[in-house]
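FYI, it's all coordinate maths here, none of it is from the lab. All of these numbers come straight from a predicted model, not from anything done at the bench. Neighbour counts run over all protein chains shown; Cβ positions are idealised from the backbone, glycine included.
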Amino acid sequence: MTRGGQGLARVAVVVRAGAAPLWWLGVCAAGIGVLAPGLTGRRIGVLAGAALFLLATALVARGGRRRYVTLAAAASRAGKHDVLQDRAVTVRNWRRHHRWWLLLAFLGALGTAFAVPAAGGMLLAGCGAGLRLKAAWLGRRERADEALLWVRVDWLRGGAGSPAGKQVKAYRSTGIAAGDAAPGGARRKSPALV
């Protein structure tokens with residue numbers, strides 16, 4: 001490990017960063033899309049959308065788990081010179097690097113409404129729900145192992161949004177209380193004042 005250390009971002013926070021935008025853009029696209037009769041009609045569009053929602057949720061939630069498990073098993077302890085990135089910074093960076101993809105996905109979901117009303121939006125929302133479930137799964141692993149998982153920030157640059165992609169060589173780990181995000185990537189709740 002270098003003496004200068006590395007900037008580290010929470011794995012679960014990176015996974016969770018896309019969940020809210022995909023969910024809300026999908027809900028908006030589905031809501032607008034259901035207003036159009038489309039080629040298939042609203043009823044078929046909504047039924048197809050519900051099937052796509054469930055399929056996308058399952059595939060995104062379960063996708064790549066083996067890679068996450070492998071990287072987590074080989075995680076080394078973060079050094080005292082490593083810098084833990086704030087949750088808000090990680091989320092902002094991910095969304096900034098993916099803003100055009102999110103916009104294109106939203107426009108694509110709206111465009112499909114002319115053929116199959118609401119289906120594209122529900123597919124997009126399913127991807128968001130799947131990311132939230134994957135982050136929750138990571139949180140359960142972190143609690144069970146009593147260790148938070150981190151990935152080097154420089155491996156997430158250049159639009160690489162996956163903390164388990166090919167550019168990621170290894171994870172680092174810290175104690176369960178490190179950083180400002182709880183296991184699973186949610187905001188850490190402030191302790192109650194007594």
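When shorter helices are ignored and each DSSP H run of at least 4 residues is given -39500 (n - 2.57), the per-residue value for the chain at 222 nm works out to -17500 deg cm²/dmol. Work out the charge dipole of the stretch 1-96 with +1 on the Cβ of Lys and Arg and -1 on the Cβ of Asp and Glu about the Cα centre, then indicate which of G38, A20, W94 is farthest towards its positive end. Projecting each Cα onto the dipole axis, the largest value belongs to W94. Provide, for q = 0.16 Å⁻¹, the log10 of I(q)/I(0) from a solvent-free Debye sum over equal Cα point scatterers in the stretch 59-133. After summing over all Cα pairs, the log10 values are -0.85. Taking the Cα centre of the stretch 49-95 as reference, the dipole from Cβ charges on Lys and Arg (+1) and Asp and Glu (-1) amounts to some 80 debye. Computed over neighbours whose Cβ is under 13 Å from that of V116, the net charge equals +2, Lys and Arg +1, Asp and Glu -1.
Which of the trypsin sites (Lys or Arg not before Pro) across the stretch 93-193 are loop residues per DSSP, with 10 or fewer other Cβ within 10 Å?
Sparse-neighbourhood loop trypsin sites (Lys or Arg not before Pro): K166, K169, K189.
For the chain, DSSP calls about 65 percent of its internal beta bridges antiparallel. Counting only alpha carbon atoms, the long axis of helix 19-33 and the longest principal axis of the chain meet at about 10°.
Distance between the C-alpha centres of the stretch 109-129 and the stretch 41-99: 19 Å, rounded to the whole angstrom.
Measuring max minus min along each principal axis, the C-alpha atoms of the stretch 75-194 give extents of 54, 39, 24 Å (largest first). Label separation (R62 vs S76): 3.5 nm, computed from points 7 Å beyond Cα along the C-beta direction. To the nearest ten degrees, helix 42-62 and the longest principal axis of the Cα atoms of the chain are 20 degrees apart.
Rounded to the nearest 20, the Cβ-based charge dipole of the chain about its Cα centre (Lys and Arg +1, Asp and Glu -1) stands at 340 debye. Which is farthest toward the positive dipole end of the chain among T70, A181, A58, measuring Cα position about the Cα centre, with Cβ charges +1 (Lys, Arg) and -1 (Asp, Glu)? Positive-end residue among those listed: T70. In the chain, the longest principal axis of the Cα atoms and the axis of helix 99-112 are about 20 degrees apart.
Of L104, L71, L148, the residue with the greatest mean-square motion in the GNM of the chain, using alpha carbon springs below 10 Å, is L104.
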